[in-house]
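Read the structure below first, then the notes.
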Amino acid sequence: MRDRVPVVVQGSGRRVRRAGLAGVLWAAAELIVTVGVVVLLLVVHQVWWTNRQAAAAAQEQVQALERAWGEVSLPASASDSPSPSPSASEPGAGDVPVPGPGGAGGAGAAAAATRAARPAAGPSERDRAYAVLRVPRLGLVVPVAQGVDKRAVLDKGYAGQYPGTAGPGAQGNFALAGHRNTHGEPFRYINRLRAGDELIVDVRGHRYTYVVGKILGETTERDTGVIAPVPRSVVKPDQGYSEPGAYITLTTCTPEYTSKYRLVVWGTLLKSS
């Protein structure tokens, strides 16, 4: 009997290799889709959900402050309109320049009132809101707390006061930071402010009305001059003020969806009541 010579079917081997390659590609496609869905969910959580949570909590804090102030009647203002609904935007980054040598303003009735309204300086008290910032043009009403720590203050949807800066109504610079995007994004639209717009700060029993004077559209995050007692950019020395006074400063990130530069709005005290 003759030995049979085995027949090698090359086509069958190619089919096996193709099937294996197709399986690998299918698994890779499933992995990419899964990762994409997870990333999308994270973005939705960061951009939309945390934004709504912070905005709602900030408004509750404003109401709590107003209830705590009780019988104190604040002057009526068009700024008492509700804040616009937050919209989806960029993940927030550090929205503040590094504070430089501060300088609280002078003493007097304004500073005394601010000290009385502020919470005690214990570790659990520093991030509590003590004032309310109202911006009529933007329909913005936001609580103000001490410090610019992201987790403790800014991510709550608050405006944070730079340490060492003057209190509301006092001589010096009452300097604030706030997120432009996500976490309540209270300062998202401050680029729309114009000279002459009012910035109103309520502290228990007192109202301080500032008027926007100058806007610095872009500077670096290290431009500490913008929050100095007499605010003046050290990056763009022609921008800012040269005389002592009672100032307010708002800072946030620019352009939107980034934290590369800082946008600065300055105002001066118009009246107090």
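Each value in this text was obtained by applying a stated rule to the coordinates, not by laboratory testing. As the structure is a computational prediction, the values presented were derived from the model and not from experiment. Here the Cβ is made from the backbone with ideal geometry for all residues, glycine too, and neighbour counts use every protein chain on show.
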Rotationally averaged projected area of the range 153-273 (alpha carbon convex hull; nm²)
7.1 nm²
³J(HN,Hα) across the range 177-193 via Karplus (A = 6.51, B = -1.76, C = 1.60, θ = phi - 60°), whole Hz, x for Gly/Pro?
10, x, 5, 8, 9, 6, 6, x, 5, x, 9, 4, 10, 5, 5, 8, 5
Please arrange Tyr158, Tyr257 by counting, for each residue, the other beta carbons lying within 10 Å of its beta carbon, fewest first.
Tyr257, Tyr158
A correct fewest-to-most ranking of Leu270, Leu176, Leu133 by other Cβ atoms within 10 Å would be Leu270, Leu133, Leu176
Once Asn191 and Leu21 are pulled to full extension, the length gained, defined as 0.36 nm per residue separation minus their Cα-Cα distance, is 55.8 nm
For a quick check: with amide H placed at 1.01 Å from N, whose amide H comes under 5 Å from Thr252's, ignoring anything fewer than 5 positions away on the same chain?
Leu263
Using Cβ counts within 10 Å as a stand-in for footprinting exposure, how do Trp49, Trp26, Trp69 rank, fewest first?
Trp26, Trp49, Trp69
Just list whichever of Lys214/Lys260; Lys150/Lys260; Lys236/Lys260; Lys150/Lys236; Lys150/Lys271 have alpha carbons separated by over 23 Å in the model shown.
Lys150/Lys236; Lys150/Lys271
Can you give the Kirkwood hydrodynamic radius for the range 148-221, in Å, rounded to one decimal and based on Cα pairs?
13.6 Å
